[in-house]
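Novice: Structure incoming, see below.
The values are calculated or read from the model by the stated rules, or taken from the named source; none is laboratory data. Keep in mind that what you see is a predicted model, and the values were worked out from it rather than measured. Neighbour counts run over all protein chains shown; Cβ positions are idealised from the backbone, glycine included. The accessibility values were calculated without ligands, DNA or RNA, using every heavy atom of the protein model including side chains. Shrake-Rupley method; radii C 1.70, N 1.55, O 1.52, S 1.80 Å.
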Amino acid sequence: MGFFDGLRPGRAADFDSGSAATNAIELTKRHSQVSLTKQDAATGHLRINLTWRMRTSDIGGSQRESLLRHPFKALRPPEVIGHSQSMVNVDLDLGCLYELADGTKGVVQPLGGLLGDVNAPPYVKLTGDDRFGSGSGETMYVNLDHRDAIKRLLVFVYIYDQTPAFDRTHAIVTLYPSNGPRIEIGLDERHPQARSCAVVMIENVKGEMLVRREVRFVYGFQGELDRLYGWGLQWGRGYKTKVER
């Protein structure tokens with residue numbers, strides 16, 4: 001399915017696309033897949049970005065109660081909730097399970113300092129670990145110039161340690177191909193006990209690079225995602241070193 005198929009007569013319902021101003025495609029349950037190859041975007045570096053913020057209902061209490069006590073607040077402009085120090089207890093991590101064409105399997109993630117390599121196998125590189133919800137979030141690069149060496153990549157998000165669960169955060173994973181609109185996958189479903197989420201699968205199917213929405217929440221961590229998708233890796237509990245703010 002090409003990115004701009006929805007602009008052709010009779011194909012308007014093929015996927016949910018953003019306006020010309022936003023230049024984005026949103027992958028949904030109904031329209032869950034796009035082809036990078038058909039958009040001529042299966043080369044260069046594919047940038048994958050994770051950002052998140054607290055849901056507004058969890059910051060500052062109930063708006064209804066606030067207006068009853070302070071009616072003149074209704075005349076003030078709404079407060080913009082973004083990445084700020086109020087989110088320091090939220091630590092979402094971006095990771096990627098990879099399987100290469102030669103059978104090599106592994107993971108790229110902040111835990112263990114497994115940041116990968118963009119110019120050598122696995123051709124996936126995580127730029128760092130954002131522990132405090134900064135505006136830039138966490139970013140990963142996939143070198144699609146080596147797409148023939150890639151069989152499948154499962155991009156996932158997990159919540160580290162005792163931080164709030166997914167129902168208290170609004171997270172979005174955005175893919176920026178080398179050509180065409182960006183691709184957005186929102187993690188908006190309420191799963192208060194979930195600790196991990198398989199977000200998107202990038203798969204080489206007979207030479208075609210396909211991006212497919214997953215958004216499958218699990219109550220465990222990477223090992224449970226591994227079992228769900230049949231990766232077959234061995235897992236142990238990992239910890240991060242403490243950092244000073």
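Novice: Considering only the other residues whose Cβ falls under 14 Å of the Cβ of Val118, what net charge follows from Lys and Arg at +1 and Asp and Glu at -1? Please report the intermediate quantities before stating the final value.
Specialist: On the way: positive: Arg47, Lys125, Arg147; negative: Asp117, Asp145.
Overall, the nearby charge balance is +1.
Novice: If I ignore ligands, DNA and RNA and count only protein heavy atoms, how much of Glu208 is accessible to a 1.4 Å probe, in Å² to the nearest 10?
Specialist: 50 Å²
Novice: With each pseudo-label sitting 7 Å past Cα toward Cβ, what's the Ala24-Lys206 distance in nm, one decimal?
Specialist: 3.3 nm
Novice: Where in region 194-228 are there chymotrypsin sites (Phe, Trp or Tyr not before Pro) that are in a DSSP coil and have at most 13 other Cβ atoms within 10 angstrom of their Cβ?
Specialist: Working: sites: Phe217, Tyr219, Phe221; in loops: Tyr219, Phe221.
Answer by residue number: Tyr219.
Novice: So, one more: Keeping all protein chains in position, work out how much accessible area Asp226 exposes to a 1.4 Å probe, and write it in Å² to the nearest 10.
Specialist: That residue has around 10 Å² of solvent-accessible surface.
Novice: If I model a spin label at Asp40 and Thr127 as a point 7 Å from the Cα along the Cα→Cβ vector, what separation in nanometres do I get?
Specialist: 2.7 nm
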